[in-house]
Amino acid sequence: MMDIRALNIEGAYEITPQQFPDDRGVFLESFRGDRLAKTIGHRLDIIQTNVSVSSRGTVRGVHFADLPPSQAKYVTALSGSFLDFVIDIRLGSPTFGQWDSVLLDTVDRRAIYLGEGLGHAICCLEDHSTVMYLCSAVYNRTGEHGINPLDPKLGLTLPEGVEPVLSAKDTAAPSLSQAAAQGLLPHYDECLSFYAELASGAQERTGQIT
C-alpha cells in the first residue's frame, strides 16, 4: 500500500509507502509500477538505476535531458536524508520557473516521481547519505543539461545552516533564463504530447492500465 500525492508541478508526485515494522525491523513496498501507472497513465519502463552517496550540503542538479526521450525519475533515499526538488523548466507551462520539494529519508521512506521534461535537484542533509534513482532512459552525455541550482531567480530554498557544495559542472551551469535563451529548455506542449504518446502506447499494448 502507498499514498500517491500530486505535487504543485504537473507531472510530479510524492509517494509515501505503508511500512510494516516488527521486532525484526521493517518491510515496505518502495515501488509499485502498477499503482504509479494508474496515476501517470503508463508503466514506468525502468532502463537504468543510479546510486549516489553524498556528504552534507552536497547539491546535485538542476539536471534535465533533451526530449525526446528525456528521463523520468523515481527517487528514494536508501540512507540518510535529502531534500529533493522538482523544477518546472517547460517553456509555456503555467508553473514555469516554479518548484516543489519532498523530504526523502529513512523515517517516512518517501519517494518522488518526476516526468520527462522536468528539472531535478537534490540537497543532502546528512553525511554519507545514499539516494537511488530509477530512470526511464540511459544517461546521454550529449543530451544532458544543467541549470545552476543557486540561480537567485530560481530561488530554491535550501535548509537553514546547510552550506551548498556544488560540482564544477553545476557551478558553471547557466541560469534558467540563460538556458532558455540558449534553446536548451523543453516546451510544455511538446512534453504533453510526449506524455500522451506514452499513455497511448501503454493502452495499445495492454488494452488498459492495470
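The values are calculated or read from the model by the stated rules, or taken from the named source; none is laboratory data. A quick note: this is a predicted structure, and the numbers were derived from the prediction, not measured. Every residue, glycine among them, receives a Cβ derived from its backbone with ideal geometry; neighbour counts consider all protein chains shown. Only protein heavy atoms, including side chains, enter the accessible area calculation; ligands, DNA and RNA are left aside. Shrake-Rupley method; radii C 1.70, N 1.55, O 1.52, S 1.80 Å.
A compact table of results
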item: Region 23-40, subset part of a strand (DSSP E or B) and in contact with a strand residue (DSSP E or B) (Cβ under 8 Å, 6 or more places away or on another chain), residue farthest from R90 (Cα to Cα); result: V26
item: Every pair of residues 6+ apart whose Cβ atoms lie under 6 Å, when the first sits in region 130-149 and is of a type in the set (V, I, T) while the second is not in a strand (DSSP E or B); result: V138/I47; I147/A173; I147/L176; I147/A179
item: A77 in a strand (DSSP E or B), in contact with a Lys or Arg (Cβ under 7 Å, 6 or more places away or on another chain) and surrounded by 19 or more Cβ atoms within 10 Å (Cβ to Cβ); result: no
item: Meets criteria (part of a loop (DSSP other than H, G, I, E, B), touching a residue at least 40 places away in the same chain (Cβ under 8 Å), open to solvent by less than 20 Å² (accessible area, probe 1.4 Å) and out of contact with any Cys (no Cβ under 6 Å at 6 or more places or on another chain)) for I15; result: no
item: Filter result (outside any strand (DSSP E or B) and of a type in the set (G, A, S)) within region 80-102; result: G80, G92, S93, G97
item: Looking only at region 49-64, and only at residues there that are open to solvent by less than 20 Å² (accessible area, probe 1.4 Å) and among the aliphatic types (A, V, I, L, M), the one that is nearest to S136 (Cα to Cα); result: V62
item: F20 assigned to a strand (DSSP E or B) and either over 14 Å from the mean Cα position of the chain (by Cα) or loosely packed, with under 14 Cβ neighbours inside 10 Å (or both); result: yes
item: Residues located in region 23-48, provided they are open to solvent by 40 Å² or more (accessible area, probe 1.4 Å) and either at positive phi or acidic (D, E) (or both); result: D23, E29, D34, D45
item: Every residue from region 77-96 that is touching a residue at least 60 places away in the same chain (Cβ under 8 Å) and touching a strand residue (DSSP E or B) at 6+ places or on another chain (Cβ under 8 Å); result: L83, F85, V86, I87, D88, I89, R90, L91, G92
item: Selected residue (criterion: farthest from G183 (Cα to Cα)) from residues of region 41-74 that are among the polar types (S, T, N, Q) and in a loop (DSSP other than H, G, I, E, B); result: S55
